[in-house]
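Take a look at the structure set out below.
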Amino acid sequence: MREIAREDDFLQIGILFTIILIYYLGVNTIRDTAWHPLIQFLFVGINYTGTIFFTYIFAQIHRTGASLRPYFFLFSYAMIPTIIWFYMNSLLYVALPPPRNITLTGKVFSLVFITLSVSLLTWKILLWYLAVRYATRLKFYDILLIGVLFFAFLLPYALLLYNLSLFRIPFI
Amino acid sequence: MNNAATHNPKNWRSRMDDILSLEPNDLMFQPLTTAYKLVTRRLKVWPFLYIIPLSFAAAALLYATFGSSVVKLTSLLQYGF
């Protein structure tokens, strides 16, 4: 992440967002969605820029992390576990469609799936922590505070998106 | 760092710039700071070596606590994309 903070090749961010766009265009063929995939993709962009500006404003209050450029790179790379989880989930939806049964194979699959999901979530939290650390240059407790405040904003926002049938789990 | 890297002043300077670019974390309570550095030292090198077994342990603990409801949770997550 230290090297990523020094990047200036915006094509990398373009590639990551292209992968996300391909996902939303593809998932529309697997499952009916209430909204057009481009609108869902637009909200991914809103989530991304919202996360960046939330963190940037906090850093400005502490007078650290002056340049905005590292934020774009760090938070785009921090979306990689999210991208993997959504792709994995949509492939499993086709290969092993839910609901799962309370049989031995169902329980084994559940253990494996939850292990993978928790691993990706842990990786996501680590990348998010490193993104905030290298972008804002703040220390542990300040980053913890950002995390708590961010989660406090994220929860009602996620509920709103769920009620609007945009996302069941927000793509951040 | 190998010998070539340590004997090259440019690499050494760049490495020192990397190390000194951020103020080290201080959790204001020495045992906590020591624990933090111990955990992060492991996670910097090969994080999945620790993340995957810990995640499996968490999943097993969930199963031990909630039993077959874990299967319903999996179905819920599978619809979550």
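None of the figures in this text is laboratory data; all of them are computed from the coordinates on show. Just so it is clear, the structure is predicted and the values come from calculations on it, not from any experiment. With ideal geometry, Cβ positions are generated from the backbone for all residues, glycine too; neighbour counts draw on all protein chains shown.
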* To do: For segment A:4-163, calculate the relative contact order in percent as a whole number, restricting contacts to Cα pairs under 8 Å that are 6 or more residues apart.
  => 30
* Asked: Dipole of the protein assembly as shown (Lys/Arg Cβ +1, Asp/Glu Cβ -1, origin at the Cα centre): which of A:F54, A:T122, B:V39 lies farthest to the positive side?
  -> B:V39
* Asked: Taking neighbour counts of Cβ atoms within 10 Å as a proxy for exposure, in what order, fewest first, do B:V45, B:V71, A:V44 appear?
  -> B:V45, A:V44, B:V71
* To do: Please arrange B:R42, A:R63 by counting, for each residue, the other beta carbons lying within 10 Å of its beta carbon, fewest first.
  => A:R63, B:R42
* To do: State which helices in chain A qualify, where a helix is a whole DSSP H run, it must extend 18 Å or more along its own axis by its Cα atoms, and its mean Kyte-Doolittle hydropathy must be at least -1.0.
  => A:11-30, A:37-61, A:80-95, A:104-136, A:140-163
* Asked: Which angle between 0 and 90 degrees, to the nearest 10, do you get for helix B:9-20 versus the longest principal axis of chain B when only C-alpha atoms count?
  -> 50
* Per-residue mean of other chain beta-carbon atoms within 10 angstrom of the beta-carbon, peptide B:35-44? -> 1
* Asked: Tilt of helix B:30-45 relative to the longest C-alpha principal axis of chain B, in degrees (0 to 90, nearest 10)?
  -> 90
* Rank the residues A:L16, B:L32 as a footprinting-exposure proxy: fewest other Cβ atoms within 10 Å of their Cβ go first. => B:L32, A:L16
* Divide by every residue of chain A the summed helix terms, -39500 (n - 2.57) for each DSSP H run of at least 4, and state the resulting mean residue ellipticity at 222 nm, rounded to the nearest 500 deg cm²/dmol. => -25500 deg cm²/dmol
